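Student: Could you have a look at this structure, given as structure tokens, before my questions?
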Amino acid sequence: MTKRVLQICHNHPQVRPGGAEVYAHELHRHLRRGEEWEPIFLARSGPPHSPEGAPHPGARISPMEGAADEYLLYPEGHDFDWMFGTMRRRKDLYTEDLRRFLQALRPDVVHFQHTLFVGYDAIREVRRTLPGTPIVYTLHEFLPICHNKGQMVRTMDRSLCNEASPRRCAECFPDVSPDEFFLRQRYIRAQLDLVDLFVAPSATLRERFVEWGIPRERILLEDYGRIEAPPLGETERPEPHDTLGIFGQVNPYKGIDVLLRAMAALGDEAPRLRVHGANLDLQEHSFRDEILKLLEATKGVTSVGPYPPERAGEMMAAVDWVVVPSVWWENSPLVIQEAFAAGRPVICSDVGGMAEKVRDGVDGLHFRVGDPDSLAATIRRAVTEPGLWRRLREGIPPVHSMAEHAEVLTAAYESLIGAQRRAVVA
Amino acid sequence: MSGRAAWLCDEVLLVSEPEAEAGIVALPASEPLGAEVEEGLTDLTTFLREGPAGWDAEARTRLLDRLASLGGELGTSPALSEGLRRVRDALRERQPLSLSDRLGGMVLGIERLHRIDERSFYVRGRAWDGGAEITRLKAITPEGERVDLRGSVSPHPAAAGGFAGLFETAFPTCGLEHWVFEATSASGRAVETPASLSPDPLRTIFADAGLEFAGAEALRERQIHPAVARLGEQRRSETEIVELAGCGEAPEAPAFSLVIPLQRRVDLIEHQIAQFAADPEIGECELLYVLGEPDQGDALEEIAAELFALYGLPLRLATVTAPAGLPSACRLGAAAARAERLVFLGSDVLPDRPGWLSAMAAPLDADPLVAGTTPKLLYADEAIDQAGLEYAEGATATGGRLRRRLRGMHRDAAAAAAAGPVAAAGLACLLIEAAALESAGGLDGEYGLPEYEGSDLSRRLAETGRQLHYVPEAELYRLEGLGAEPEALAEPYARWLHARRWAEAPEVVG
């Protein structure tokens, strides 16, 4: 019998592309192709991602442009509280709109891909309305732990943070007391305690959440899967291998400024750099101005702008090296999988999910996080050392496919459903 | 002038009666007016100008004294008060206004004037004439009553000639403004100064209670204690609990009533309920939130309804008819609670894990001498906030300072693991038998501070032969400062009152 899985996501990739939502939607599309699972995709819409409001007055959940298995949630009239990660005061988004939706669909599994802009209370509502339905939650970054956009980066100097505590968090946000941060921690934990299984795409992320208090046995270590891109033809590129590319979101944590400063430090030795960045327009003015100035001042840089996710492989095939210079820990950056799928070695920061997914000297190169000089030296080596590019390219592992990933996930879903049935019988 | 009359206010008519002792009589509006009076009606200003304004000072003073009593006879009202104020200002003898002492003159200043009740006031001020004795110090109410303050107020150390204290008027007064204070010194100089009522009397009184100087004890005993006691009595008589629209049905026979006073941060209810939802024992309880600030009643009802829809935990909600401090909200909540065992719980207290209620109840089940229990309260950084209360000086409360036991130690410190009797417990988390609470006289409400209220209750329980126990297995976090007003200002008075009451108390366990 077909089972129904409802994925809840903070955004729809067609509204605005982003790594987690692109992956979640790919998983949805993959499950749709099979016969065992009937997937439903519920994504939040409306500001800030989209100016559009709910198309039908009184209905905060509506189908996505007529699709039977994709819905958009419009939390109109509700203010999202960044501190506590939910809609404060008014809960009718959950107790009326989401409740009706859940009662109508009665999914066998609810898989939260993200609760940002949706709210942790959505988990509570699922548990209340569907008490026996397993809840799965994918951890995409450290948002439950860290108020600084889930990056675990200190606000005062952008240094990496190794441990959250009410006191340390209050140091990052002097206007908020340690007691408020304690409230935040307890509140979010109370909602996440209702989750049956977490999915962590990297060991970096899993270990941080284990330290935070989630039992290790409730976290499944499972990397993202990717839908296989169409063959790119010959991905080999002739010498010299001196074209770099940076892909994905442009925000203060992705380290594009580190890369541009490294390029400047290389001076006449600087290779070519293609910048495929998205969402710079959403960033704060000061950051945006800084990046635009650097882009203008740095030689050899071509700004290409955003790209549709399905063309990532094609874009990457046009460069020799993919640079991932993030100054936060990262989880399991999809750009690394895309680079590997395109046969491109990766130059990345030596921390977190990047260092975990890219093996230094095997399928890519590490440099010291946040250090333009270290990155400049690594780039110089990459473009000048004979045979290096080919050797690293040969070391690239097979990419974790969406089919393999979906098999692991659905097995976990089945296991949770089985455990629930056994609990009911007992 | 015979036959002239004027309305003092809508309810009172002044009629000139040369035969009357004061020359003028006041008639309530309910009395029928004679034709002669109607013919003689004029406005108040003309009435005063044509009549008593021309009298000598002594006659005018007699008239003012007579009129000042009208509020007592006819019932005070803002309109009557304003009418009397106009008469007072037209007829009274004025003194030169007090100027800054930098100008070298005699100084009279009123820093604070607070209403305690309709006939008593607390004043803090200064009367100084370069060391010359102040021979006369009077307050003149807006209605014209003159009250002698010498003998009422006590010295205050804020400045030379400082004074503070409680004084009473003979008649009720309702004027907020237009008070006048007069002083005369042995040098023959006299000055006056205007004054208005200030809000928040306790803030001034508690600040004065914390002063240390030669006359501090007299100030506390003669001025502050009676003022605080009157405010407390008034609050108790005026403040009632009002049930709000609740959410869901609490169990018919709840095992416990959790009485949770809410102040300022009504949003804290959401955090508490998020924790309660994971604890099956809470489902057997009555949750009674008592809002200490009536103006937030609508907000509380709205939040509670939203939370009930999401969490499904039944909630009883109540508010009070006048702003009430945390101990008062506890006292009123206790009277409304239905279970035989009560838990006073701060809204800023979150349980660390389920099971704390049964752990706190176990000593009561095991030993009939135990009337109540208190848990291990923690700070957010895992340090102990308190493991019960103790007294700083030895084992008695005499002059000692109430102290949080093991405060600052890590929650796992060996000393914090020992269960047993404690000297006292505060109201941040106290489980107590309702019957024991009642037989000990309930919560007093005069201290204003939950810990001193709890300590006082603990002493009274001890007098009835009952004990309070500390239960280390029950661990809750207390985020002090999120849920209630800062309490430091009230502490000196609470400490003094506690020592005053329990100075002769026998030693207690602690």
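We did not get these values from a lab; they are worked out from the coordinates using the rules stated. The shown structure was predicted, so the numbers you read here are calculated from the model rather than taken from an experiment. Ideal geometry is used to build each Cβ from the backbone, glycine not excepted, and the neighbour counts take in all protein chains shown.
Student: Could you work out how much longer the chain between B:ALA415 and B:GLU382 gets when fully extended? Use 0.36 nm per residue separation minus the Cα distance between them, nm to one decimal.
Tutor: Separation in residues times 0.36 nm, less the Cα-Cα distance, equals 10.4 nm.
Student: Between the stretch B:235-311 and the stretch A:328-355, how many Å separate their Cα centres?
Tutor: 50 Å
Student: Here's a follow-up. From the cross-link list A:LYS293/A:LYS357; A:LYS254/A:LYS293; A:LYS254/A:LYS357; A:LYS149/A:LYS357; A:LYS149/B:LYS376; A:LYS299/A:LYS357, which pairs have alpha carbons spaced over 28 Å apart?
Tutor: From A:LYS293/A:LYS357; A:LYS254/A:LYS293; A:LYS254/A:LYS357; A:LYS149/A:LYS357; A:LYS149/B:LYS376; A:LYS299/A:LYS357, over 28 Å: A:LYS293/A:LYS357; A:LYS149/B:LYS376; A:LYS299/A:LYS357.
Student: Of B:GLY292, B:LEU113, A:LEU98, which is farthest towards the positive pole of the protein assembly as shown's charge dipole, taken about the Cα centre with +1 and -1 on the beta-carbons of Lys, Arg and Asp, Glu respectively?
Tutor: After comparing all options, I get A:LEU98.
Student: Dipole of the protein assembly as shown, Cα-centred, from +1 at each Lys and Arg C-beta and -1 at each Asp and Glu C-beta, to the nearest 20 debye?
Tutor: 1860 debye
Student: Taking the Cβ-Cβ separation of B:GLU438 and B:ASP367 as r and a Förster radius of 22 Å, what is the calculated FRET efficiency to the nearest 0.05?
Tutor: My answer for the efficiency is 0.65.
Student: Once you have a ≥ b ≥ c as the square roots of the Cα gyration tensor eigenvalues for the stretch A:243-394, tell me rounded if a/c is under 1.5, and otherwise prolate or oblate according to whether a/b is larger than b/c.
Tutor: rounded
Student: Roughly how many Å is it from the Cα centre of the stretch B:138-206 to that of the stretch B:396-464, as a whole number?
Tutor: A separation of 40 Å, based on Cα centres.
Student: If you don't mind, there's one more thing I want to ask. Classify the stretch B:101-231 as rounded, prolate or oblate from the Cα gyration tensor: take a ≥ b ≥ c as the square roots of its eigenvalues, call it rounded if a/c is under 1.5, otherwise prolate when a/b beats b/c and oblate if not.
Tutor: Since a/c reaches 1.5 but b/c is at least a/b, the shape of the stretch B:101-231 is classed as oblate.
Student: Using Cβ contacts closer than 10 Å as the measure, can you line up B:PHE256, A:PHE173, B:PHE344 from fewest to most?
Tutor: By the 10 Å Cβ count, ascending: A:PHE173, B:PHE256, B:PHE344.
Student: Return the distance in nm (one decimal) between the two label points of a simple spin-label model at A:GLU314 and A:ARG100, each offset 7 Å from Cα along Cα→Cβ.
Tutor: Using points 7 Å along Cα→Cβ, the separation is 4.2 nm.
Student: To continue, here is another question. Provide the three semi-axes, in whole Å and in decreasing order, of the ellipsoid equivalent to chain B as defined by the square roots of 5 times the Cα gyration tensor eigenvalues.
Tutor: 55, 28, 18
Student: Is there a quick way to get the dipole size of chain B? I mean about its Cα centre, with the Cβ of Lys and Arg at +1 and of Asp and Glu at -1; what is the value in debye to the nearest 20?
Tutor: Once rounded to the nearest 20, the dipole reads 1760 debye.
Student: Using the basic label-point model (7 angstrom from Cα toward the beta carbon), what is the B:ALA218 to A:VAL304 distance in nanometres?
Tutor: Each label point is offset 7 Å from its Cα along the Cβ direction, giving 9.0 nm.
Student: Oh, and also: Considering the convex hull of the alpha carbon atoms of chain A, report its projected area averaged over all viewing directions, in nm², one decimal.
Tutor: So the mean shadow area of the Cα hull is 20.9 nm².
Student: Order these peptides, B:92-99, B:5-12, A:403-410, by their mean beta-carbon neighbour count within 10 angstrom, highest first.
Tutor: Highest to lowest by the protection proxy: B:5-12, A:403-410, B:92-99.
Student: To the nearest 500 deg cm²/dmol, what mean residue ellipticity at 222 nm is calculated for chain A from DSSP H runs of n ≥ 4 alone, each contributing -39,500 (n - 2.57), summed and divided by the residues?
Tutor: -10500 deg cm²/dmol, from helical runs alone.
Student: Relative to the present Cα-Cα distance, how much length would full extension add between B:ARG49 and B:GLU252 at 0.36 nm per residue of separation?
Tutor: Gain on extension, B:ARG49 to B:GLU252, equals 65.9 nm.
Student: Another question, then. Report the calculated FRET efficiency for B:SER358 and A:ARG421 (r = Cβ-Cβ distance, R0 = 30 Å), to the nearest 0.05.
Tutor: Working from the Cβ atoms, E equals 0.45.
Student: Is the C-alpha gyration tensor of the stretch B:1-47 telling us rounded, prolate or oblate? Criteria: a/c under 1.5 is rounded; beyond that, a/b larger than b/c is prolate, otherwise oblate.
Tutor: rounded
Student: I would also like to ask the following. Using 0.36 nm per residue of separation minus the Cα-Cα distance, give me the extension gain between A:ASP360 and A:ALA68 in nm, one decimal.
Tutor: 100.6 nm
Student: Expressed as a whole number of Å, what is the distance separating the alpha-carbon centroids of the stretch A:302-322 and the stretch A:234-281?
Tutor: Comparing the Cα centres of the stretch A:234-281 and the stretch A:302-322, I get a distance of 11 Å.
Student: While we're on this one: If I model a spin label as a point 7 Å beyond the Cα along the Cα-Cβ vector, how far apart are those points for A:GLU236 and B:LEU97 in nm?
Tutor: Modelled inter-label distance: 10.1 nm.
Student: Provide B:TRP502, B:TRP356 in ascending order of the number of other Cβ atoms located within 10 Å of each residue's Cβ, fewest first.
Tutor: Sorted ascending by nearby Cβ count, the order is B:TRP502, B:TRP356.
Student: So how strong a dipole does the stretch B:5-91 carry about its Cα centre when Lys and Arg Cβ are +1 and Asp and Glu Cβ are -1, to the nearest 20 debye?
Tutor: Once rounded to the nearest 20, the dipole reads 400 debye.
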